[in-house]
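Down below is the structure, laid out as structure tokens.
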Amino acid sequence: MLSKSHARRFFLIATLGFSGVFLWLTVDTIRQVPARSHDENLTESVVRGKEIWESKNCMGCHTILGEGAYYAPELTRAYVRRGEPWLRAFIADPEAMYPGRRRMVKYDFTDDQITDIIAFLKWIGEIDTNGFPREPDLAPPTTGAAHAATHSGPSAPAVFKDICQACHSLSGEGGNVGPALDGIGGRFESDALRQWIADPASVKPGTTMPTLPLTDSQLTELTTFLSAQR
């Protein structure tokens, strides 16, 4: 059994020791922040994007880096999962991509404001958080939308690589939110594919496939490309 003097000595040594460990960990954490957060990428556009994020109270619905609400999707890795073209189209008009299903407010952002928001999300996504938060189950398992898949037939149009591959895979590359598109041209006629791409909800009410803001030329390119996947 410890005497009072031994107990006092033990308490003081333990307190000083653990206080020293705590201070060392604090200093070490602060020292690593610039490299882990990539301070060199913290541009004025990123700062403006953060100001928009705060002024619109985006954290009232979304979560980044473990902070915020869980009413809407977690966005720490949104840029990695979706890419800039998809995010740009969605932020510009959420309802247009998911008619009748999205509750996100259409803020009527200018193109410059959307650019700033995307810059902020890109910077957030590049922070080294030691794997936190865990990647969602629907995250792209491979290289995602930023790379073209290897396949036969005509080259993939830009809209396919920029937007479609954020959700769909082809030849093993892309997202896994939607079904793989290998052989889709052998399963559907060209007209049916065009109608599905143009207005998925008219073909299958309640589908999770968004109505993409495509021009006629983009719609034709996608239809031709997918029809060749057999």
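None of the figures in this text is laboratory data; all of them are computed from the coordinates on show. Note that the structure is a prediction, hence the values are computed from the model and not measured.
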### Task
Please build a GNM for the chain, connecting alpha carbons under 10 Å apart, and tell me which residue among G66, G20, G131 fluctuates the most.
G20
### Query
Out of these labelled values of Cα Rg over 2.2 N^0.38 Å, (1) 1.25; (2) 1.39; (3) 1.06, which was calculated from the coordinates shown here?
(2)
### Query
What is the Cα convex hull volume of segment 40-126 when expressed per residue in Å³?
91
### Message
What are the ³J(HN,Hα) couplings of segment 190-205, residue after residue, when phi is run through the Karplus curve with 6.51, -1.76, 1.60 and θ = phi - 60°? Round to Hz, x for glycine and proline.
### Response
4, 5, 5, 4, 4, 5, 5, 5, 5, 8, x, 5, 6, 8, 9, x
## Note on the structure
For segment 91-105, Karplus-derived ³J(HN,Hα) couplings (6.51, -1.76, 1.60; θ = phi - 60°; whole Hz; x for glycine and proline) come out as 5, 4, 7, x, 5, 5, 7, 10, x, x, 10, 8, 9, 5, 5
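Which three numbers, in whole Å and largest first, are the semi-axes of the equivalent ellipsoid of segment 144-227 derived from its Cα gyration tensor as √(5λ)?
18, 14, 13
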### Message
Using a Gaussian network model on the chain with a 10 Å cutoff between Cα atoms, which of S155, S19, S171 fluctuates the most?
### Response
S19
### Message
Just want to confirm a number: the relative contact order over the chain, from Cα pairs under 8 angstrom separated by 6+ residues, in percent.
### Response
17
## Note on the structure
Residues meeting the amide H criterion for G174 (H placed from the backbone, H to H distance under 5 Å, 5 or more places apart or on another chain) are T142, T143, G144
### Query
Which number gives the lysine pairs in the chain that have C-alpha atoms under 25 Å apart and are eight or more places apart or on different chains?
8
